[in-house]
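Enquirer: Questions regarding the structure given below will be posed in turn.
The values are calculated or read from the model by the stated rules, or taken from the named source; none is laboratory data. All values derive from a computational prediction rather than experimental measurement. All Cβ positions, glycine included, derive from the backbone under ideal geometry; neighbour counts span all protein chains shown. Surface accessibility is based on the protein's heavy atoms, side chains included, excluding ligands, DNA and RNA. Shrake-Rupley method; radii C 1.70, N 1.55, O 1.52, S 1.80 Å.
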Amino acid sequence: MLTGHGTFVDDVVRPGMLHACFVRSPLARARITGIDVSEALAVEGVHAVFTAEDLNPGVHEPWYSLAGRDVPDSPRPPLAEDEVRFVGDPVALVVAADRYLAEDAAELVVVDYEPLPPVVDYVTARESAELVFPQFARNVLGELGGRPTTELAPVFDQAPWSVRETVYQQAYAPVPIETRGLVAEWSAAGGELTIWAATQSPHEVRLFCSRLLGLPEHRIRVVMRDTGGGFGQKAVVQREDMCVMLAALKVPAALKWIEDRRENLLAAGQSRHEHGDVRMAFDADGRILAASIDYVQDVGAYPVPWPVGPSMAVGMFFPGPYRVPEGTFSITSVFSNTVGRTAYRGPWQFESVARELMLDVAARRMGMDPVELRRRNLLRRDELPYTNPVGVPYGDISPLETFEQALGMLDYEAFRKEQERARGEGRFLGVGTCTYVEPTTAGMGVHGTEGATIRIEPSGKVNVYVSGGSTGNSLETTVVQLTADALGVDIADVHTIQGDTAITPFGGGTGGSRSGSMTAGAVAETAAVLRERIAAIAAHRLEAAAEDIELVDGHARVRGVPGAGLSLAEIAAIAYLQPESLPPGMPAGLEASGRYRAESMIILANATHLCTCEVDVTTGRVTLLRYIVSEDCGPMINPSVVEGQIAGGTVQGIGGALYEHLAYDADGNPVTGTFMDYLLPTAAEVPIIEYGHVETPGPGPGGYKGVGEGGAIGAPPAVINAVADALAPFGVHITRLPLTPESIVTLVRRARESRAAEPGTVPR
């Protein structure tokens, strides 16, 4: 990859390939009164300019397998029809001989707009007279909820301690290294469509395309080679992908669309834009009595996939890994005239942000160390199984154990002493934690099963075929390891083929921290068939009992009889080339396919993140000093892969807490359209991440649990709480993100002003 030898979508070149560029709306909301494409079509090298009337009638059924056909979803036209609904809304598609021509011609397409008042602020959208979609009253896509909050009112009213805050999180985005893109090539003679895609889910792309175009699945092939990051943004087909699929049937050669970075920030989707009215009640000793959250999320104009169902996880996991006797939630999804919401690594992450911030707020009000408050409430492994107050069963996790391990790695008491010395010198250090429980491997719907095919070649070498390709999560490595272990062969003798729907078994792809445990199950199911067959062939040839055969180091040996055995290559040669020598009734060859079905609805993982920082109260700069993660994802298939996944998510979470903001002005214009404005953490801002591991096997194959999303969940609360702890002497109160230098300076100034009448209480 680093030397340029990967095959990303932009590396795909087809004979006579054409290139696509979108004409996008410059207005957040407007009526389209006319489109003139004549000047663009007159440019030499321009093959076509498609508008909604050209492409949209070709749509059959644009729904996602994850959500299902019948959810009350927002409309999803490939190109904007009568109205544009956000800045960047695709209005026309220009097809030309190269990207440069397509971009130039796109500038020549004249679109007449009649501006309309946009709904920009999702917080007030429910009271707006304007509607993003006329069929959705109050701009509400959907609402969900638990028991009525009024039932808990007596608990909050009578509790010795009760805290309530509204916590706001800004919009930010996955920002993968490789932007979105695909190449679609239609063969009219064979009636076949081949798609090369930057995706997390090649089989879902195939399913969606089949529904979209009304083509049978076996006429569609999706190929995923290398994908430079997905993080949820590439989990499902978006409107631009739909346009390219539809247009591919109308042009004479393969059609390529590659999104540039400006388009990615403009139109690929936003995440995390949300707030919650959070309440927590405690007894006199700091033990939690009740917790509730009224959660509202901005879904933009065209969310993908349907965001209402997944948002339920915010309410389900808001109690976190704590003893919470009473709890409830409400969830509201609200439209706005901004880019649509997409999934992003731990889409339910706000539950941890809100809960962990509130625990620190409560601890300070009670005059208690936030660590001590958590110690009194965290679940221990010996208390499991446990069901949280909204009905989620917990098992096979270790919240208090990871918490204590992280504190031990820091030497928490020593840090508090260092912090006290630093404050005496006018320096402000802080420490923050976040302990969470994470749902992984959701065993439902398209994600509920996973397949594998293993073929032992006549040479004895092994090929393993699985559905999803790697988006940077090292599936190439883990699948090879799992297969080598399952068959007792050298890892160097195993190769994997992934991401090609023509030759790999169906699977749900990468998402929901499912890949490790689900592929482990699929490989185990398939390898078991081959192990039995290998043992039978060896036993037949060696005149031994099959149960006495063991597979070790690429050989089938008779247990307890040194020197009695056959190599896998010898067994494969018998299976393929000497079928007459096989045991009676055994089929020739050594290949098998298997499918694993998840054994439980979800597998839970957990972790504690701990961050220390120094805040310069004059400039607002936050310097991260140490970052510690204690993770329990069960046995690790490959520790380097696990730690790489934690690191990637953690850095994204740090970015969300301190730097990233997909911001809009009051008219709905995006103001962070480049990396000059949309800030990302670099190696200079991120400390070395220290890892601790607690191992609690889960209920699935091998005891493995997911690990892909946890870093992005745990990092923001840990960083925010560290900053709040550093600024605690000022009485600073953090309820809005991100924590930019400007916002920190403002918080400190306001705190000083509000406490100016109390001499000696505010540090200079």
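Enquirer: Using the structure shown, decide if V205 is under 30 Å from Q349 (Cβ atoms), hydrophobic (A, V, I, L, M, F, W, C), in contact (Cβ under 8 Å) with a residue 12 or more places away in the chain and part of a strand (DSSP E or B).
Expert: It is false that V205 is under 30 Å from Q349 (Cβ atoms), hydrophobic (A, V, I, L, M, F, W, C), in contact (Cβ under 8 Å) with a residue 12 or more places away in the chain and part of a strand (DSSP E or B).
Enquirer: Another question about this same structure. Given the criterion open to solvent by 20 Å² or more (accessible area, probe 1.4 Å) and β-branched (V, I, T), identify the matching residue among V155, V132.
Expert: Working: V132 fails: open to solvent by 20 Å² or more (accessible area, probe 1.4 Å).
V155 is the lone residue from the list that is open to solvent by 20 Å² or more (accessible area, probe 1.4 Å) and β-branched (V, I, T).
Enquirer: A follow-up question, please. Please work out which residue is least open to solvent (accessible area, probe 1.4 Å), limiting yourself to segment 485-509 and to residues that are over 19 Å from Y596 (Cβ atoms) and part of a strand (DSSP E or B).
Expert: Among those that are over 19 Å from Y596 (Cβ atoms) and part of a strand (DSSP E or B), it is D500.
Enquirer: Right, here's the next one. From the list A198, A159, A129, which one is out of contact with any strand residue (DSSP E or B) (no Cβ under 6 Å at 6 or more places or on another chain) and of a type outside the set (D, E)?
Expert: Criteria check complete, one pass: A129.
Enquirer: Of the residues that sit in segment 396-424 and are of a type in the set (G, A, S) and either modelled with pLDDT under 95 or loosely packed, with under 12 Cβ neighbours inside 10 Å (or both), which one is farthest from the chain's Cα centre (by Cα)?
Expert: G424
Enquirer: May I pose another question? Return the residue satisfying two criteria in turn: it lies in segment 704-727 and is among the aliphatic types (A, V, I, L, M) and outside any helix (DSSP H, G or I), and of such residues it is modelled with the highest pLDDT.
Expert: Among those that are among the aliphatic types (A, V, I, L, M) and outside any helix (DSSP H, G or I), it is L727.
Enquirer: Inside segment 363-455, counting only helices (runs of 4 or more DSSP H) that do not spill past its ends, which hold 2 or more residues that are within 23 Å of I293 (Cα to Cα), out of contact with any strand residue (DSSP E or B) (no Cβ under 6 Å at 6 or more places or on another chain) and not hydrophobic (A, V, I, L, M, F, W, C)?
Expert: Once the helices (runs of 4 or more DSSP H) in segment 363-455 are filtered for at least 2 residues that are within 23 Å of I293 (Cα to Cα), out of contact with any strand residue (DSSP E or B) (no Cβ under 6 Å at 6 or more places or on another chain) and not hydrophobic (A, V, I, L, M, F, W, C), what remains is 370-375.
Enquirer: Next question, about the same structure. For segment 164-202, name all the residues that are in a strand (DSSP E or B), touching a Lys or Arg at 6+ places or on another chain (Cβ under 6 Å) and either aliphatic (A, V, I, L, M) or more than 21 Å from V13 (Cβ to Cβ) (or both).
Expert: Residues satisfying the conditions are R164, Y168, Q169, Y172, V183.
Enquirer: Taking segment 34-58 on its own, how many of its residues are in a loop (DSSP other than H, G, I, E, B) and of a type in the set (D, E, K, R)?
Expert: 1
Enquirer: Do we find that V641 is in contact with a Gly (Cβ under 9 Å, 6 or more places away or on another chain), touching a residue at least 60 places away in the same chain (Cβ under 8 Å), in a loop (DSSP other than H, G, I, E, B) and open to solvent by 10 Å² or more (accessible area, probe 1.4 Å) in this structure?
Expert: No: the conditions fail for V641.
Enquirer: Just name the residue that is surrounded by the most Cβ atoms within 10 Å (Cβ to Cβ) out of those in segment 106-126 that are more than 35 Å from the chain's Cα centre (by Cα) and outside any loop (DSSP other than H, G, I, E, B).
Expert: V111
Enquirer: Provide a single number: the residues in segment 590-613 that are open to solvent by less than 50 Å² (accessible area, probe 1.4 Å), assigned to a strand (DSSP E or B) and of a type outside the set (A, V, I, L, M, F, W, C).
Expert: Final tally of qualifying residues: 6.
Enquirer: Now a separate question. Being open to solvent by 10 Å² or more (accessible area, probe 1.4 Å), basic (K, R) and assigned to a loop (DSSP other than H, G, I, E, B) is the requirement here; does R211 meet it? Spell out how you get there, then give the answer.
Expert: Values: open to solvent by 10 Å² or more (accessible area, probe 1.4 Å): yes; basic (K, R): yes; assigned to a loop (DSSP other than H, G, I, E, B): no.
The answer is no for R211.
Enquirer: Go through (1) open to solvent by 30 Å² or more (accessible area, probe 1.4 Å); (2) in a loop (DSSP other than H, G, I, E, B) and name the single condition G320 misses.
Expert: Every condition holds for G320 apart from (1).
Enquirer: Between R31, R76, which is assigned to a strand (DSSP E or B) and touching a residue at least 60 places away in the same chain (Cβ under 8 Å)? Full working, then the answer.
Expert: Working: R76 fails: assigned to a strand (DSSP E or B).
Only one candidate qualifies: R31.
Enquirer: Whether any residue in segment 188-205 is open to solvent by 30 Å² or more (accessible area, probe 1.4 Å), more than 28 Å from F231 (Cβ to Cβ) and in contact with a Ser or Thr (Cβ under 8 Å, 6 or more places away or on another chain) is what I want to check.
Expert: Among the residues of segment 188-205, not one is open to solvent by 30 Å² or more (accessible area, probe 1.4 Å), more than 28 Å from F231 (Cβ to Cβ) and in contact with a Ser or Thr (Cβ under 8 Å, 6 or more places away or on another chain), which makes the answer no.
Enquirer: Then there's this: Filtering segment 570-581 down to residues that are open to solvent by 40 Å² or more (accessible area, probe 1.4 Å) and touching a residue at least 12 places away in the same chain (Cβ under 8 Å), which residue is nearest to D493 (Cα to Cα)?
Expert: Restricting to residues being open to solvent by 40 Å² or more (accessible area, probe 1.4 Å) and touching a residue at least 12 places away in the same chain (Cβ under 8 Å), the top hit is E570.
Enquirer: Going by the structure shown, is V183 of a type in the set (V, I, T), open to solvent by less than 30 Å² (accessible area, probe 1.4 Å), farther than 24 Å from A48 by Cβ and touching a helix residue (DSSP H, G or I) at 6+ places or on another chain (Cβ under 9 Å)?
Expert: Values: of a type in the set (V, I, T): yes; open to solvent by less than 30 Å² (accessible area, probe 1.4 Å): yes; farther than 24 Å from A48 by Cβ: no; touching a helix residue (DSSP H, G or I) at 6+ places or on another chain (Cβ under 9 Å): yes.
No: the conditions fail for V183.
Enquirer: Let me ask something additional. Based on this model, can you work out whether E525 counts as assigned to a helix (DSSP H, G or I) and either among the acidic types (D, E) or without any contact (Cβ under 8 Å) to a residue 12 or more places away in the chain (or both)? Even if it seems obvious, please write down each step before you answer.
Expert: Numbers: assigned to a helix (DSSP H, G or I): yes; either among the acidic types (D, E) or without any contact (Cβ under 8 Å) to a residue 12 or more places away in the chain (or both): yes.
In short, yes.
Enquirer: Scan V87, V91 and give me the residue that is modelled with pLDDT of 95 or more, under 23 Å from V183 (Cβ atoms) and open to solvent by less than 60 Å² (accessible area, probe 1.4 Å).
Expert: V91
Enquirer: List every residue pair whose Cβ atoms lie under 7 Å apart, where the two residues are 6 or more positions apart in sequence or sit on different chains, the first residue falls within segment 54-65 and is within 10 Å of L79 (Cβ to Cβ), and the second residue, located anywhere, is open to solvent by less than 40 Å² (accessible area, probe 1.4 Å) and part of a loop (DSSP other than H, G, I, E, B).
Expert: L55/P78; L55/L79; N56/P77; N56/P78; N56/L79
Enquirer: Counting only residues that are touching a helix residue (DSSP H, G or I) at 6+ places or on another chain (Cβ under 6 Å) and within 20 Å of E580 (Cα to Cα), which one in segment 522-537 is most open to solvent (accessible area, probe 1.4 Å)? Even if it seems obvious, please write down each step before you answer.
Expert: Of the residues in segment 522-537, the ones touching a helix residue (DSSP H, G or I) at 6+ places or on another chain (Cβ under 6 Å) are 523-524, 527, 534-537.
Within this subset, residues satisfying the condition of being within 20 Å of E580 (Cα to Cα) are 534-537.
On the way: I534: 4, A535: 13, A536: 29, I537: 3 Å².
Going through the qualifying residues, I end up with A536.
Enquirer: Next question. Limited to segment 672-708, what total is found for residues that are touching a residue at least 40 places away in the same chain (Cβ under 8 Å) and either basic (K, R) or within 23 Å of A267 (Cα to Cα) (or both)? Before the answer, list the steps.
Expert: Going residue by residue through segment 672-708, those that are touching a residue at least 40 places away in the same chain (Cβ under 8 Å) are 672-675, 678, 680, 685-708.
Applying the additional criterion that residues be either basic (K, R) or within 23 Å of A267 (Cα to Cα) (or both) yields 672-675, 678, 680, 705.
Final tally of qualifying residues: 7.
Enquirer: Before we move on, is T3 of a type in the set (S, T, Y) and in contact with a Phe, Trp or Tyr (Cβ under 8 Å, 6 or more places away or on another chain)?
Expert: In short, no.
Enquirer: Quick one: which of T672, T735 is open to solvent by less than 20 Å² (accessible area, probe 1.4 Å), of a type in the set (V, I, T) and closer than 30 Å to R29 by Cβ?
Expert: T672
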